[in-house]
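Trainee: Here it is, the structure in full.
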Amino acid sequence: MISEAPVKLTRNEGLKEANAALAGTIAQTLADPAAERFTEDDYEFLKFHGVYQQDDRDKRKIAKHFMMMVRTKFPGGVLSAPQYVACDDLAARYGNDTMRITTRQDFQFHGILKSNLRQTIKSLNEALVTTIAACGDVERNVMAPPTPATSPFVDEILVEARKLSNALNPATRAYHTIWLEGKELDLNDEANKDFVDPLYGKRYLPRKFKTAFAIPPLNDIDIFTNDLGFIAIAESGKLAGYNLIAGGGMGMSHGNAQTFPRRADVVGFLAPEHLEAAAKAVITIHRDFGDRTNRKHARLKYVLAERGVDWFREEFERRAGIKLAPARPFKFTKQGDLLGWHRQTNGNYFLGLFVENGRIKDVDGYQLKTGLRRAVEEFQPEVRLTASQNILLVNVQPEQRAELERLLGEHGISVANPFSPTRLASMACPALPTCGLALAESERALPSLLTRIENLLAELSLKEQEIIIRMTGCPNGCARPFMAEIAFVGKAPNKYQIYFGGNEASTRLNRLYKDSVKGEDLLNELRPVLARYVQERITGERFGDFCERVIWKETQPATN
């Protein structure tokens, strides 16, 4: 009789199982002024608390300069005016005096020293802002449409996003004990010694898990890029329920065919009262069937890709105790944000402001951070962060508009968002110098590259054409590049893959066009394709659709 070899789990699985309370030695390191960094084990535990230990890669030739990135968790991207001011204060006091809006509607603070880490997180919690589960092998921030004018259901769905986020939080007491009480978790306490999370179990999930809501026809959340999505279905002017989708995700690894970006599958329709049961059922499918032997192959999308939608639906219904109805018809027509002034259904207004690559900072002549701070303090709007890294000031009273415009104008901020359509539709991940995974530049490179692209578009009489362009420093896909009309994905220092063919609604994956192009040659690769687009496009056809119709058709093998 031949016995099967034991399955070899990843190092992370052993770490989580051995310390299911997620405390590690974080508290001890915080208390030790001589320790300049956390251990490699605690690096993994810190993620569950919303923290990444990083180093300034610009300074590596001298020595590693360790610092922390702290990520908040705002379900649906919503925060109050006092919460915004608290975040602004902390960015100046402990961070690098910038706040970065993430592509999942959060804030990231960069450059926080270990000595200031606990006070940063404690102060955030005092402002009723949490960082727990903003990272780690758990449910991340639950996304939802932030724009008040797009549907009468926006506020209703934002409430559901908050409820779902709370229901899916890990239950460990380590977060409260370490960051709020400033103490070491007592592992001799019975509640902590044998702690097993009631939802996630001892090992938590094989990898991160992302959930989002969307309201057709505006796909401002990029819903198909999520592990789990709920697409709102309206009937007779009321929210009838949701189409459940599952198995989306952007990340891949260069040269690894086992990994790939994937668009989520539509699974079926469910009533609004089943949201929590549905989410927990999908999470436990990932928990129990995700690959714990290979973190690069551990996302839910690979379970769907390998086992199929029919298997998934049957497993879901068994776990949730819900019989899914056939999916209801829906259509997305556009992604992106409503910028400028727009009227809300309650008679007030919201103002959408473009934030290039999500970085709220002050530069000469454009004091975005200071201007937003003053506007929020004076007018007390609700603040909403978007999935496209922009900011909305919500519930501005009609009589406040002129004064708000004047105040912002004093800081060089125009409510007209005077940027090209292509720049307004662009996104980039942080990449260098803070991200340890970056292979190439992204946030620091895209603005100047866009200027060159804008000049090319003007030369080709495409100045007013919107082309969705996204750039990432590696193939993990944090800026969702694989849904863009044009994407640049870092392959090596100053070398990028070029992808073409996403669509306006963000419902179609793009495809690899060139595998390794130097940064200075990117424009030369775009020029002939854009020139063909001008000559051969159909009236009203977008660039991504042209690539799908013409460029990719030419690359397909002939069939008899």
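Throughout, read-outs are computed from the coordinates displayed, never taken from laboratory work. Keep in mind the model is a prediction, meaning the values are calculated, not measured. Positions of Cβ are generated from backbone atoms using ideal geometry, with glycine treated the same way; all protein chains shown enter the neighbour counts.
Trainee: So which lysines pass the test for residue 238, namely a Cα distance under 26 Å, with those fewer than 8 places away in the same chain ruled out?
Mentor: Here the lysines satisfying the reach criterion relative to residue 238 are 163, 280, 323, 331, 334.
Trainee: Okay, next question. Helix-derived [θ] at 222 nm for the chain: sum -39500 (n - 2.57) over DSSP H runs of at least 4, divide by residue count, nearest 500?
Mentor: Estimated from H runs of four or more residues: -8500 deg cm²/dmol.
Trainee: Considering only the chain, what is the antiparallel percent among its DSSP beta bridges, to the nearest 5?
Mentor: 80
Trainee: Where both residues lie in the range 205-336, what percent of DSSP beta bridges are antiparallel, nearest 5?
Mentor: In the range 205-336, DSSP labels about 75 percent of beta bridges as antiparallel.
Trainee: If each of residue 8 and residue 166 carries a label point 7 Å out from its Cα toward its Cβ, how far apart are those two points in nm?
Mentor: Here the modelled spin labels are 4.5 nm apart.
Trainee: Counting Lys and Arg as +1 and Asp and Glu as -1, what is the net charge of the other residues whose Cβ lies under 15 Å from the Cβ of residue 388?
Mentor: -1
Trainee: Here's another thing I want to ask about it. I need the calculated FRET efficiency for the pair residue 410 and residue 554, taking r as the beta carbon distance and R₀ as 51 Å, to the nearest 0.05.
Mentor: 0.45
Trainee: What distance in nm separates the simple spin-label points at residue 306 and residue 97, each placed 7 Å from Cα in the Cβ direction?
Mentor: Going by the 7 Å Cα→Cβ label model, 5.0 nm.
Trainee: Write down, largest first, the equivalent ellipsoid semi-axes of the range 408-481 in whole Å, where each equals the square root of 5 times an eigenvalue of the alpha-carbon gyration tensor.
Mentor: Equivalent ellipsoid of the range 408-481: 24, 17, 10 Å, largest first.
Trainee: Stretched out fully, how many nm does the piece from residue 253 to residue 62 gain, at 0.36 nm a residue minus the Cα gap?
Mentor: Extra length available between residue 253 and residue 62 comes to 65.8 nm.
Trainee: Additional query: Using only the Cα atoms of the range 205-336, what are the Rg and Dmax in Å?
Mentor: My reading of the Cα-based Rg and Dmax gives 14.6, 49 Å.
Trainee: Aspartates and glutamates near residue 491 by alpha-carbon distance under 18 Å, same-chain residues fewer than 8 away left out - which ones?
Mentor: Within reach: 441, 443, 515, 520, 521, 525.
Trainee: For the range 488-560 and the range 309-386, what is the separation of their C-alpha centers, rounded to whole Å?
Mentor: 28
Trainee: Taking K and R as +1 and D and E as -1, what net charge do the other residues with C-beta under 13 Å from the C-beta of residue 160 add up to?
Mentor: Local net charge: -2.
Trainee: For the chain, what is the relative contact order in percent, using Cα pairs closer than 8 Å and at least 6 residues apart in sequence?
Mentor: 13
Trainee: Between the range 183-230 and the range 98-137, how far is it from one alpha carbon centroid to the other, in angstrom?
Mentor: For the range 183-230 versus the range 98-137, the Cα centre distance is 17 Å.
Trainee: Please state the Cα pair-distance histogram of the range 423-555 with 5 angstrom bins from zero: what percent is in each bin?
Mentor: Result, from short to long distances: 2, 12, 22, 25, 21, 12, 5, 1, 0 percent.
Trainee: By how many nm would the segment from residue 515 to residue 128 grow when fully extended, if each residue of separation counts as 0.36 nm and the alpha-carbon distance is taken off?
Mentor: Gain on extension, residue 515 to residue 128, equals 134.8 nm.
Trainee: With a Cα-only, solvent-free Debye model of the range 328-429, what are the log10 I(q)/I(0) values at q = 0.20 Å⁻¹?
Mentor: Here the Debye-derived log intensity ratios amount to -1.05.
Trainee: In a shell of Cβ-Cβ distance under 11 Å around residue 309, excluding residue 309 itself, what net charge do Lys and Arg (+1) and Asp and Glu (-1) give?
Mentor: -2
Trainee: Then there is this: Would you mind pulling out the separation of the Cα centroids of the range 28-89 and the range 394-429, in Å?
Mentor: Between the Cα centre of the range 28-89 and that of the range 394-429, the gap is 30 Å.
Trainee: Using the basic label-point model (7 angstrom from Cα toward the beta carbon), what is the residue 184 to residue 463 distance in nanometres?
Mentor: 6.7
Trainee: OK, next. If I take the Cα coordinates of the chain and project them onto the principal axes, what are the three extents in Å, biggest first?
Mentor: 71, 65, 59
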